[in-house]
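The values are calculated or read from the model by the stated rules, or taken from the named source; none is laboratory data. Since the model is a prediction, treat every value here as computed from it, not as a measurement. As a convention, Cβ positions derive from the backbone with ideal geometry for all residues, glycine included, and neighbour counts pool all protein chains shown. SASA here: full protein model, heavy atoms, side chains in, ligands and nucleic acids out. Shrake-Rupley method; radii C 1.70, N 1.55, O 1.52, S 1.80 Å.
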Amino acid sequence: MDELQTLSNLVQAEANAIATLPVTPRYSEALDLIQEQVCRKGGKLVASGMGKAGQIAFNIASTLASTGIPAVCINSAEAQHGDLGVLQPNDVLLLISNSGRTDEILRLYELARMLYPGMRAIVITAGAHCPLAAMPDVIGLYTGNPDEVCPLGLTPTTSITAMTVIGHMLIVGMMLRDGFTREQYAMRHRGGSLGEKLRGEQL
């Protein structure tokens, strides 16, 4: 097959995975939880994942923070070595693992619940069959377990795209609920070309 055709097929496969994401009432439940714990009770969103999923967790947390939702990302492997200290009673966990079987993520959830038994979690994973999704007091947002476009079927590719879009739905959903404005965004984003553009609008 022609190389460019192969790459075009890849784009279509990832687009199909996004188009078929199972968007369920759980998204509204997740937004309700963030709104209640973070916006009303003064907690924060604490995101975590391992490997590529950890990079997605960092991206979601940093983008949420830039749009007015206090959020941090912690390394789940470091959590049991003292980083659990970042957790506070009204926080919400956002745990990302496509397999839903990542040991460090499952352990982080267990340790957080030992520290604060009522702590809730939003999980981004392949589907309801995953161990992470079966944990108590979690809201599961699912990728639908799409096939990876990697020719080996192993490298996180399509699943990472789906996780990113799920994160975007949470981010934009909270912006819409809060009525987050360009002026508020400008107060949090002062640097770079985007900051320059926003400062120009305020002149």
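The conditions are (1) open to solvent by less than 60 Å² (accessible area, probe 1.4 Å); (2) free of Cβ contacts under 8 Å to residues at least 60 places away in the same chain; (3) farther than 21 Å from Gly127 by Cα, and Lys41 fails exactly one of them. Which is it? In the conditions (1) open to solvent by less than 60 Å² (accessible area, probe 1.4 Å); (2) free of Cβ contacts under 8 Å to residues at least 60 places away in the same chain; (3) farther than 21 Å from Gly127 by Cα, Lys41 misses (1) alone. Do the conditions hold for Ser48, that is, is it hydroxyl-bearing (Ser, Thr, Tyr), surrounded by fewer than 17 Cβ atoms within 10 Å (Cβ to Cβ) and outside any loop (DSSP other than H, G, I, E, B)? No: the conditions fail for Ser48. Test Gly118 against the criterion of being farther than 27 Å from Ala17 by Cα, out of contact with any strand residue (DSSP E or B) (no Cβ under 9 Å at 6 or more places or on another chain) and at pLDDT below 95, and give yes or no. So Gly118 fits the description; yes.
For the stretch 48-66, check the following and say yes or no: at least one residue is of a type outside the set (A, V, I, L, M, F, W, C), farther than 25 Å from Met175 by Cβ and over 13 Å from the mean Cα position of the chain (by Cα). Within the stretch 48-66, one or more residues are of a type outside the set (A, V, I, L, M, F, W, C), farther than 25 Å from Met175 by Cβ and over 13 Å from the mean Cα position of the chain (by Cα). Looking at this structure, is Asp32 exposed (fewer than 14 other Cβ atoms within 10 Å of the Cβ), among the acidic types (Asp, Glu) and modelled with pLDDT of 95 or more? Yes, satisfied. If you filter the stretch 121-143 down to residues that are in contact (Cβ under 8 Å) with a residue 40 or more places away in the chain and in contact with a helix residue (DSSP H, G or I) (Cβ under 7 Å, 6 or more places away or on another chain), you find that the one that is nearest to Leu7 (Cα to Cα) is Thr143.
Filtering the stretch 173-195 for residues that are surrounded by fewer than 18 Cβ atoms within 10 Å (Cβ to Cβ) and under 28 Å from Leu10 (Cβ atoms) leaves an empty set. Would you check if Val23 is more than 22 Å from Arg113 (Cβ to Cβ), outside any helix (DSSP H, G or I) and open to solvent by 50 Å² or more (accessible area, probe 1.4 Å)? Answer is yes for this residue. Annotation for the stretch 148-166: no member residue is acidic (Asp, Glu), open to solvent by 10 Å² or more (accessible area, probe 1.4 Å), touching a helix residue (DSSP H, G or I) at 6+ places or on another chain (Cβ under 7 Å) and touching a residue at least 40 places away in the same chain (Cβ under 8 Å). Every condition in (1) of a type in the set (Gly, Ala, Ser); (2) touching a helix residue (DSSP H, G or I) at 6+ places or on another chain (Cβ under 9 Å); (3) over 24 Å from Cys130 (Cα atoms); (4) in contact (Cβ under 8 Å) with a residue 40 or more places away in the chain is met by Ala71 except one, and the failing one is (4). Taken together, the residues in the stretch 69-88 that are open to solvent by less than 30 Å² (accessible area, probe 1.4 Å), touching a Ser or Thr at 6+ places or on another chain (Cβ under 7 Å) and either at pLDDT 95 or above or closer than 30 Å to Thr181 by Cβ (or both) amount to 1.
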